[in-house]
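The values are calculated or read from the model by the stated rules, or taken from the named source; none is laboratory data. Bear in mind the structure is a predicted one, so any value in this text is a computation, not a measurement. Positions of Cβ are backbone-derived with ideal geometry, glycine not excepted, and every protein chain shown enters the neighbour counts.
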Amino acid sequence: MVCLITGAAKGIGKAIAVELAKKGYDIVINYLTSESEALELKEYITNEYKINCLVYKADVSKEKEVDEMVTYIEKEMDGVDVVVNNAAIDLSNMWHLKTAEEFRKTLDVNVVGAYNVSNRVYKHMLDKEYGRIINISSTNGINTYYPMCFDYDASKAALISLTHNLAIQYAPYVHVNCVAPGFIGTESELDGYDEEFLKEETDKILLKRYGKPEEVAKLVSFLISKDADYINNTIIRIDGGQPGSN
């Protein structure tokens, strides 16, 4: 089984790549800017878990680059069985400083990117009568909103809508589900915030802590396992019981 994880060099994507490698999946690490981290992750995965692992640089918002990436995977690994659409950007800025260009870029990566990848791998999955697609959204796409990242929030809501549409279009052989993490303690999530802000955010969570990338990875691993064969077209929050996100 071959699993392609987009935006997999760091954070939640990295944790998912490690967790799925641990379960014996062959892994494709997609990245755009974090080359050294992607190569380091590949070395760790291949040494630790003895599975096949590829690294491929591609901008998922560019249809041509996605086609070239998947064509390469098909040549090297005979196709993609599982996709985790994790690649995303968050161009946080004050509301009045936001631009339409930033809005378009966020939507292009976070939503169009997921569509490009899903649409490109679908034929292989259909031919095999098997496939799993997991979209990584956010509680920001449900009803947890921040004015400085309204474009990100809109993109994550759109990704939830895309999940439902793809699940209907790709049924019955390809299952499409969505994971909506809350406050997860990745490098990008914690960098730049002071302790007072982090305490305010964690106090909003019923478990009084932020989540770990590994916890999201375990949920993804379950959703693509045989134990989840009857789960499809579903949005699952993983947020520590964050009020207002249900």
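Of the residues in the stretch 33-60, how many are over 15 Å from Cys3 (Cβ atoms) and not small (Gly, Ala, Ser)?
Total satisfying the criteria: 13.
Working only within the stretch 176-185, note down all residues that are crowded, with 24+ Cβ neighbours inside 10 Å and free of Cβ contacts under 8 Å to residues at least 60 places away in the same chain.
Within the stretch 176-185, Val176, Cys178, Val179 qualify.
Do we have any residue at all in the stretch 2-12 that's out of contact with any helix residue (DSSP H, G or I) (no Cβ under 7 Å at 6 or more places or on another chain) and under 30 Å from Glu129 (Cβ atoms)? Break it down into steps so the answer makes sense when it comes.
To start, the set of residues in the stretch 2-12 that are out of contact with any helix residue (DSSP H, G or I) (no Cβ under 7 Å at 6 or more places or on another chain) comprises none.
Checked against the condition, which is being out of contact with any helix residue (DSSP H, G or I) (no Cβ under 7 Å at 6 or more places or on another chain) and under 30 Å from Glu129 (Cβ atoms), the stretch 2-12 yields no hits at all.
Within the stretch 94-101, does at least one residue satisfy the condition of being surrounded by fewer than 23 Cβ atoms within 10 Å (Cβ to Cβ) and either of a type in the set (Gly, Ala, Ser) or in contact with a strand residue (DSSP E or B) (Cβ under 7 Å, 6 or more places away or on another chain) (or both)?
The initial filter retains those residues of the stretch 94-101 that are surrounded by fewer than 23 Cβ atoms within 10 Å (Cβ to Cβ), namely 94-101.
With the extra rule that they be either of a type in the set (Gly, Ala, Ser) or in contact with a strand residue (DSSP E or B) (Cβ under 7 Å, 6 or more places away or on another chain) (or both), the set shrinks to 100.
Taking every residue of the stretch 94-101 in turn, at least one turns out to be surrounded by fewer than 23 Cβ atoms within 10 Å (Cβ to Cβ) and either of a type in the set (Gly, Ala, Ser) or in contact with a strand residue (DSSP E or B) (Cβ under 7 Å, 6 or more places away or on another chain) (or both).
Which of the residues that make up the stretch 193-224 are in contact with a strand residue (DSSP E or B) (Cβ under 9 Å, 6 or more places away or on another chain) and among the small types (Gly, Ala, Ser)?
We begin by selecting, within the stretch 193-224, every residue in contact with a strand residue (DSSP E or B) (Cβ under 9 Å, 6 or more places away or on another chain); these are 205, 210-213, 215-216, 219-220, 223-224.
Listed by number, the list holds a single entry, Gly211.
Restricting attention to the stretch 1-45, and to residues there that are over 15 Å from Val220 (Cβ atoms) and of a type in the set (D, E, K, R), which single residue is surrounded by the most Cβ atoms within 10 Å (Cβ to Cβ)?
Checking each candidate, the answer is Asp26.
Leu41 is checked against (1) hydrophobic (A, V, I, L, M, F, W, C); (2) farther than 17 Å from Tyr115 by Cα; (3) out of contact with any Leu (no Cβ under 6 Å at 6 or more places or on another chain); (4) touching a residue at least 40 places away in the same chain (Cβ under 8 Å) and fails just one. What number does that condition carry?
Only one criterion in (1) hydrophobic (A, V, I, L, M, F, W, C); (2) farther than 17 Å from Tyr115 by Cα; (3) out of contact with any Leu (no Cβ under 6 Å at 6 or more places or on another chain); (4) touching a residue at least 40 places away in the same chain (Cβ under 8 Å) is unmet by Leu41, namely (4).
For residues that are part of a helix (DSSP H, G or I) and of a type in the set (Val, Ile, Thr), scanning just the stretch 73-111, find the one that is nearest to Lys23 (Cα to Cα). Lay out the reasoning, then the answer.
Start the filter on the stretch 73-111 by keeping residues that are part of a helix (DSSP H, G or I), which leaves 73-77, 95-97, 100-111.
Next, only the ones that are of a type in the set (Val, Ile, Thr) stay: 73, 106, 109, 111.
Values: Ile73: 20, Thr106: 32, Val109: 28, Val111: 28 Å.
Here the answer is Ile73.
Restricting the stretch 46-72 to residues that are outside any loop (DSSP other than H, G, I, E, B), in contact with a helix residue (DSSP H, G or I) (Cβ under 7 Å, 6 or more places away or on another chain) and not charged (D, E, K, R), which is farthest from Glu102 (Cα to Cα)?
Tyr49
Any chance you could count how many residues in the stretch 8-37 are farther than 17 Å from Tyr72 by Cα and either assigned to a loop (DSSP other than H, G, I, E, B) or of a type in the set (A, V, I, L, M) (or both)? I'd like the intermediate steps shown before the answer.
Filtering the stretch 8-37 down to residues farther than 17 Å from Tyr72 by Cα leaves 8-25, 33-37.
Subset that is either assigned to a loop (DSSP other than H, G, I, E, B) or of a type in the set (A, V, I, L, M) (or both): 8-10, 12, 15-18, 20-21, 23-25, 33-34.
Here the count works out to 15.
Only residues that are touching a Lys or Arg at 6+ places or on another chain (Cβ under 9 Å) and in a helix (DSSP H, G or I): list them for the stretch 117-146, please.
Residues satisfying the conditions are Met125, Thr139, Asn140, Gly141.
Inside the stretch 211-246, can you point out the residues that are of a type in the set (Gly, Ala, Ser), part of a loop (DSSP other than H, G, I, E, B) and either within 13 Å of the chain's Cα centre (by Cα) or closer than 19 Å to Gly141 by Cβ (or both)? Before the answer, list the steps.
Looking only at the stretch 211-246, we keep the residues that are of a type in the set (Gly, Ala, Ser), and these are 211, 217, 221, 225, 228, 240-241, 244-245.
Okay, now just the ones that are also part of a loop (DSSP other than H, G, I, E, B), so 225, 240-241, 244-245.
Selection gives Gly240, Gly241, Gly244, Ser245.
Kindly list the number of the only condition in (1) within 20 Å of the chain's Cα centre (by Cα); (2) at pLDDT below 85; (3) among the small types (Gly, Ala, Ser) that fails for Ala157.
(2) is the only condition that Ala157 fails.
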